[in-house]
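Since every read-out is calculated from the coordinates, none of them should be taken as a lab result. Since the structure is predicted, the reported quantities are computational estimates derived from the model, not experimental observations. Positions of Cβ are backbone-derived with ideal geometry, glycine not excepted, and every protein chain shown enters the neighbour counts.
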Amino acid sequence: MRFGRRRVLGMGGALTAGLGLAGVAGCSGRGADAAAGGAAGKKDEGRITVWSWHGPAAELKSLVPEFNRTYPGIEVTVEDIGNPAIWDKITTGLAAGGQGLADVLHIGVDYLPGYVEKFPGGLADLAPLGATAHRDAFAPGLWQTVSPDGKRVNALPWEANSAGFHYRADLFEQAGLDAEALQTWDDTVEAGKQLKARTGAFLLGIDKPASQADAANFFQMLLQLQGSFYFDLEGRITLDSPESVKALALIKTLNDAGLVSDLAGGWNALMASLKRGTTAVYPWPTWFGGIIEEQVPDEAGKWKVRLPPAVRRGGSSAATVNSTHLAVAGSSRHRAAAWSFVEFVLTRPASQVRIYRSKGIAPALMAAYEDSVFHEPSAFFSGQRKGEVFLAALKAPQPAPRYTADYARALKLVTDAQSKVLLKGADPARVLRDAADQLAQQTGRKVAR
């Protein structure tokens, strides 16, 4: 379930295919906020359907009885659409002017801008329903994601995963290295060389041939640690920015030093690496700690977690690398009731704490972190209070990445460029410049040079 959430945040296929329906995208106006004659319905009455997937869907269902104690007049049906099937279904519904869409939609951060840009009005503006009252309730940067213009609110944040540095503390100790002392990734490269020589373990792994769409996770994390992304705030292409070149050059340095294992095959290869103990560091987000505990339970006490080293000395170690959101369909005849459910789930600490305790879904709602569950020591992670580790990242000021509707295209070009560097020794600056130019040709966007 956790991988399903992250995997889809690196996937763009369904959205790209759906947005190929450009000829009918304009008819999404029929599913705009005025779909039902402008009426939002009553906030305490109606019949609503919610679309989500797997674990999150189960948690939403579990909250319905409590929700109905406050809103007995709202009948809620939660449907587990599956992941990635949900993206095809939402895209198709939006392209059909909202026909057949659920009232509440669970949407990943990379899909949200595409839906908003390609299907104007397809998602309801939550501002008139009261969403702006929660503007300051979420982790820094997330409000800009759901409300880029500061006026219209396209969704509310649910899950916020920070970049992490999960590592085998026993391997670092065996090599005589202090992982907590690593301040930069340059420091980490040097430590990785000693680690490999003394233990035989790779420092980290990457899907070198980009057999899966999320092969650029590490590259994207390095970008965000530098406050950069694939597009700037104006939507211009930044694939060949100095920050991008620095990130890919660092990956090349790691690879040339023999510190990167090949995770061709994606998730299965990653799990095999984890079980074999052949890799010392997993620079994956908050939720990956739960995966480690599930996959190698006998290694309790051998693991620790910290925020990743900075790319440049003195730089940031904090980056919210993915998030998910709940939106309301513009075509819903019960938008007010749908908003009541979204507000109940996402702005009440009790709701988010319950979800975290059950499924480990890290909330974007900052008030939730006052609960003791986020401050308890973890026996698996050597007694660390890992919730506090990631809370520090969520509190840190950080810019909101601009995904745009062309994120899927950018991601494909980036993963291709990375594969050329890892498999053929290509020059990072050259392949990224070529990728930026290709993206400009494909999209008509300007390159920010």
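Brief remarks follow.
- Pair-distance profile P(r), taking every C-alpha pair of the stretch 270-405, with 10 angstrom steps and integer %: 10, 33, 33, 18, 6, 0
- Reachable lysines from residue 89, criterion Cα separation under 17 angstrom, eight or more residues apart if same chain: 118
- Cross-link pairs 246/304; 208/412; 193/252; 252/446; 246/395; 359/386 - those with Cα-Cα distance over 18 Å: 246/304; 252/446; 246/395
- If you sort the three axes of the alpha carbon gyration tensor as a ≥ b ≥ c, you get a/c of 1.5 or more for the stretch 215-310 and a/b above b/c, which makes it prolate.
- Computed over the chain, the range of Cα coordinates on each principal axis works out to 68, 51, 35 Å, biggest value leading.
- Fully extended contour minus Cα-Cα distance, from residue 373 to residue 257, at 0.36 nm per residue: 37.7 nm
- Given 16 as the ceiling on other Cβ atoms within 10 Å, longest exposed-site-free region of the chain for GluC sites (Glu not before Pro) in DSSP loops: 235-449
- Residue 187-residue 388 FRET efficiency (beta carbon distance; Förster radius 25 Å; 0.05 resolution): 0.60
- The mean of 1/r over all pairs of different alpha-carbon atoms in the stretch 293-337, once inverted, gives a Kirkwood hydrodynamic radius of 15.7 Å.
- Theoretical FRET efficiency, 1/(1+(r/R0)^6), r = Cβ-Cβ of residue 75 and residue 211, R0 35 Å, to 0.05: 0.20
- The stretch 364-430: trypsin sites (Lys or Arg not before Pro) falling in loop per DSSP and having at most 15 other Cβ within 10 Å: 385
- Farthest toward positive dipole pole in the stretch 59-170 [+1 Lys/Arg, -1 Asp/Glu at C-beta], among 123, 74, 91: 123
- The angle between the Cα long axis of helix 386-395 and the main principal axis of the chain comes to about 70°, on a 0 to 90 degree scale.
- The Cα atoms of the stretch 147-238 define a convex hull whose projected area, averaged across directions, is 8.9 nm².
- Efficiency of FRET between residue 149 and residue 276 - r from beta-carbon atoms, R0 45 angstrom, step 0.05: 0.40
- Degrees separating the helix 428-443 axis from the principal Cα axis of the chain, which is the longest one: 20
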